[in-house]
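Before any comments, here is the structure.
Readers should treat all values here as calculations from the given coordinates under stated rules, not as data from a laboratory. Here the structure is a predicted model, which is why all the values come from computation and not from measurement. Note: ideal-geometry Cβ built from the backbone for every residue, glycine included; neighbour counts use all protein chains shown.
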Amino acid sequence: MEQVSRVIIVGAGIGGLCSALAMAKQGFDVMVCEQTKHLGEVGAGLQISPNAFKVLRELGLESALQPCAFVPQRATMRDFKTGEYYLEIPLAEKTINRYGAPYWHLHRADLHSVLVQACIEAGIELMLGATVTGYKENTEANQVSLFLDDGQELTADLLIGADGIRSKIREQMLGRQKATFMGQVAWRGVIPVSDLNVEIKPDACVWVGPNRHFVSYYLRGGEYVNFVAVEERNDWTSESWREEGDIEALKQSFSGWHPEVTELLSAASSTFLWALNGRDELPTWHQGRVVLLGDACHPMLPFMAQGAAMAIEDAYVLAKCVAGYKMSDALVEYEKIRKPRATKIQKMSKANASLYHMHGGVLGKLKLKALQAASHFVPD
Ligand code: FAD
């Protein structure tokens with residue numbers, strides 16, 4: 001049980017690639033299996049808070065990411081109609097002084113391609129078009145076998161399931177359970193600044209309104225503005241959890257909002273619509289030689305912008321634990337460190353849903369709640 005030399009990671013998302021780099025840095029022989037045949041542009045903007053930044057720095061990625069970053073001046077919360085500020089938290093230098101690391105905005109595609117490049121340079125084997133169907137522990141050989149849909153079998157000393165919210169590895173470990181639709185959908189999009197007729201402040205801004213909220217911030221040194229528009233829904237009937245969004249329906253949903261929002265949306269030509277799904281806290285994150293990280297074990301609403309950040313933290317802690325402890329203790333230690341923190345952030349993200357969506361004109365209480373939220377806006 002004790003010896004770990006070869007590690008296989010399922011999933012080349014942000015969590016899987018960070019895990020690959022962190023494991024390789026500890027001297028393990030690492031392979032990543034990813035079902036996608038071509039790694040391409042997926043998603044939109046990501047807010048990278050100092051906790052996640054510190055890991056990216058530790059993995060040696062700071063200088064490669066710097067040219068793609070945007071440094072927001074403040075995190076703000078504004079009224080959907082009047083534009084009144086409920087909250088203004090300085091970021092930029094203040095974040096560096098307080099946490100020793102900046103708060104960045106990155107395009108997910110930029111972060112992903114820097115991670116892929118770093119994996120290639122570190123000699124990590126990236127196997128694309130490799131869809132994992134299941135695994136089997138071989139206790140006599142102290143190994144775990146991994147099965148691909150083309151019939152191939154791979155073996156490793158440790159298997160990491162970083163395969164997202166619909167994780168096959170989680171399913172085999174803990175049984176099949178559908179993710180829960182959280183009653184919210186999110187339109188996401190990226191608009192070139194050259195297409196805008198409105199000036200957007202250099203902040204990470206949440207516009208709060210009845211039954212919906214709108215997030216806007218710059219990406220790629222200010223070349224693009226990213227938006228996330230969230231609306232409450234009773235159900236999600238589509239088979240897919242992400243689909244091409246109807247841009248007119250989006251504009252209609254936010255009509256009557258502050259001109260900074262409506263003018264921004266008037267420049268949007270395409271959008272994707274995401275169903276926001278979640279899961280309750282899992283009973284465990286590991287079993288034998290198999291362990292989970294990222295959305296595979298703690299998917300969360302994006303209302304603290306911490307989903308990827310938590311996956312990045314998981315990756316770092318897991319590698320340290322596997323390098324520093326006997327295998328049998330390492331996964332226990334990893335879960336002991338990570339589960340309480342990720343679960344807390346999951347709960348805080350869910351609580352923000354009611355803070356961001358005004359029901360019955362609770363404007364007065366909103367200021368107070370916003371101030372309370374300010375104290376944990378950026379997790380340390
Ligand atoms: P994923 O990104 O889902 O990666 C899983 C990978 O596994 C995929 O590449 C998939 O193809 C592969 N895979 C799946 N099954 C198999 C299989 N059987 N075999 C092989 N490969 C497989 N987070 C932040 O930190 N900051 C933000 O600002 C932020 N904003 C967000 C806004 C929105 C609207 C949403 C929806 C999310 C946001 N998040 C944010 C959350 C963040 O995007 C996710 O939490 C994060 O990307 C999860 O990464 P992951 O690597 O765990 O999973």
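Observations on the structure shown:
- Cβ-Cβ FRET estimate between THR262 and ARG341, R0 fixed at 56 Å, reported to 0.05: 0.90
- Extension gain, MET127 to GLU84: 0.36 nm times the residue separation minus the Cα-Cα distance gives 10.5 nm.
- For the stretch 231-236, the Karplus equation 6.51 cos²θ - 1.76 cosθ + 1.60, evaluated at θ = phi - 60°, returns couplings of 9, 6, 9, 6, 8, 9 Hz by residue, with Gly and Pro reported as x.
- Per-residue Karplus couplings for the stretch 259-266, computed as 6.51 cos²θ - 1.76 cosθ + 1.60 with θ equal to phi - 60°, are listed in order as x, 4, 7, 5, 5, 4, 5, 5 Hz, Gly and Pro entered as x.
- Working note: 222 nm ellipticity from helices only, DSSP H runs with n ≥ 4, each -39,500 (n - 2.57), summed and divided by the residues of the chain, gives -10500 deg cm²/dmol to the nearest 500.
- Residue (of VAL30, MET300, LEU115) at the positive-pole extreme of the chain, dipole from beta-carbon charges: MET300
- Highest mean packing comes first when the peptides 246-257, 26-37 are listed by Cβ atoms within 10 Å, giving 26-37, 246-257.
- Efficiency of FRET from Cβ geometry, ALA92 and GLU153, R₀ 35 Å, rounded to 0.05: 0.10
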